[in-house]
1. Would you mind classifying the protein assembly as shown by shape? Square roots of the alpha carbon gyration tensor eigenvalues, ordered a ≥ b ≥ c; an a/c under 1.5 is rounded, otherwise it is prolate if a/b is larger than b/c and oblate if not.
2. Counting Lys and Arg as +1 and Asp and Glu as -1, each charge on the Cβ, what is the dipole of chain A about the Cα centre in debye, to the nearest 20?
3. From the protein chains alone at 1.4 Å, what is the descending order of accessible area for B:Ser24, A:Ser181, B:Ser171, largest first?
4. With θ set to phi - 60° and the Karplus curve 6.51 cos²θ - 1.76 cosθ + 1.60, what are the ³J(HN,Hα) couplings of the stretch A:29-46 in order, to the nearest whole Hz, using x for Gly and Pro?
5. When the Cα centres of the stretch B:28-49 and the stretch A:161-211 are compared, how far apart do they sit, in Å?
6. Taking the label point as lying 7 angstrom from Cα along the Cα-to-Cβ axis, what are the distances from B:Gly144 to the corresponding position in the remaining copies, in ascending order and in nanometres?
7. Looking at the stretch A:165-211, what % of the alpha carbon pairs are farther apart than 17 Å?
8. Around B:Gln110, which amide H atoms from residues at least 5 apart in sequence, or from another chain, sit under 5 Å from its own amide H, with H modelled in the peptide plane?
There are 2 protein chains.
Amino acid sequence: MAKRFALFLLTLLAGAALSAQELSPIALPPPQTDGGRPLMQVLRDRASSRAFAPDPLPPQVLSNLLWAAWGISRPDSGKRTAPSAMNKQAMDIYLALADGIYLYDAAHQQLKPVAKGDLRALTGTQPFVATAPVNLIYVSGAQGGSAEDQLIYGGAQAGFISENVYLFCASAGLATVVRGSVNREPLAQTLNLAPGQKVILVQTVGYPPKK
Amino acid sequence: MAKRFALFLLTLLAGAALSAQELSPIALPPPQTDGGRPLMQVLRDRASSRAFAPDPLPPQVLSNLLWAAWGISRPDSGKRTAPSAMNKQAMDIYLALADGIYLYDAAHQQLKPVAKGDLRALTGTQPFVATAPVNLIYVSGAQGGSAEDQLIYGGAQAGFISENVYLFCASAGLATVVRGSVNREPLAQTLNLAPGQKVILVQTVGYPPKK
């Protein structure tokens, strides 16, 4: 079983090793930064869900989701919807979609291609990750401080952003769950991370299954 | 200077060593779990602020703030406004107020006394922490997993909750800033933490200064 899983991972990695050049950047429509449900009701409805319809998110919903998560809320200063240690903004969000993995480029409102192919199964150990439309991968950079600080701040940074995603999903009728159960090393290789970068958490987003 | 600061800390610690029995539990009014501003506007206005009026928060505002942070949103299951690894809920919120330090008891809607005296200066290294009305102290318990997981999950858990506090403050017109710069050991001693517990982050909350 472990051997079959390792072979499966290798096959996925071989696919990812193909150039990402065949994938084009995806332009995101400008985010809608008004509206949404009242905050306290959204907090009351915030919940983890592990069942997802396979339908992709419309581009406008994806754009709004990413802006809520970690978008630029104050263009003059480049500050964002979530705080960061010393405003270092040492966090990247990668997205595993059906056709490949992309990097969220908040400044240019686009998704930059990273790896071609359906690599969603690499983002977790539970079956739903392979078919849910979006898996967000939170990757920490150099946070500064001690090795312990690095992990705490990386965790916190992923936490701030993940909670924004939870609340956006509660407001917009989407299902989501944040996960720590991920094989970090193979995923880091697929993303071609630099030595200082680390996969912290992964979060699945999609529509709830139709009844 | 370092010696004077150490003496200052010792004086504070000696004060905290006095029994907390002279402090009474503070009953919180039931939280108002409806209303608030629309989510996307709240995300747009979320910001860190390091200037606070000294005025205490009214009990209703404090109750709403703590419920938003880490309250019980689903009484049937005891689930909360922020997620936690394996739903372990391995996080406590302590509050350093002007008269002492308290533990947020979400199930009984009260603050349990922990240490008597104005110990707010122990919660950080910046001057404003000593006079702002509320400093929230996020303390992680046993998260499970490796030592690395423990720090990542503790950080993430504090991050989920802290972002809820940020958004509540943006909705309610309060100022707030989350901080990693805290002398964790003296604070852990004052709180009388168990060996598996760890101070992760601290967050200051209050009204913005009057203009």
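1. prolate
2. Values: 18 positive and 13 negative charges, 95 e Å.
It works out to roughly 460 debye.
3. On the way: B:Ser24 75, A:Ser181 50, B:Ser171 25 Å².
Solvent-accessible surface, decreasing: B:Ser24, A:Ser181, B:Ser171.
4. x, x, x, 8, 9, 10, x, x, 7, x, 3, 5, 5, 5, 5, 5, 8, 4
5. 24 Å
6. Label-point distances to the other copies, shortest first: 3.5 nm.
7. Numbers: 532 of 1081 pairs.
Of all Cα-Cα distances in the stretch A:165-211, 49 percent exceed 17 Å.
8. Excluding prolines and chain starts, which carry no amide H, the hits are B:Leu28, B:Asp105.
The values are calculated or read from the model by the stated rules, or taken from the named source; none is laboratory data. Fair warning: this is a prediction, and the values are worked out from it, not measured in the lab. No Cβ is skipped: glycine too gets one built from the backbone with ideal geometry, and neighbour counts run over all protein chains shown. Heavy atoms of the whole protein, side chains included, go into the accessibility calculation; ligands, DNA and RNA do not. Shrake-Rupley method; radii C 1.70, N 1.55, O 1.52, S 1.80 Å.
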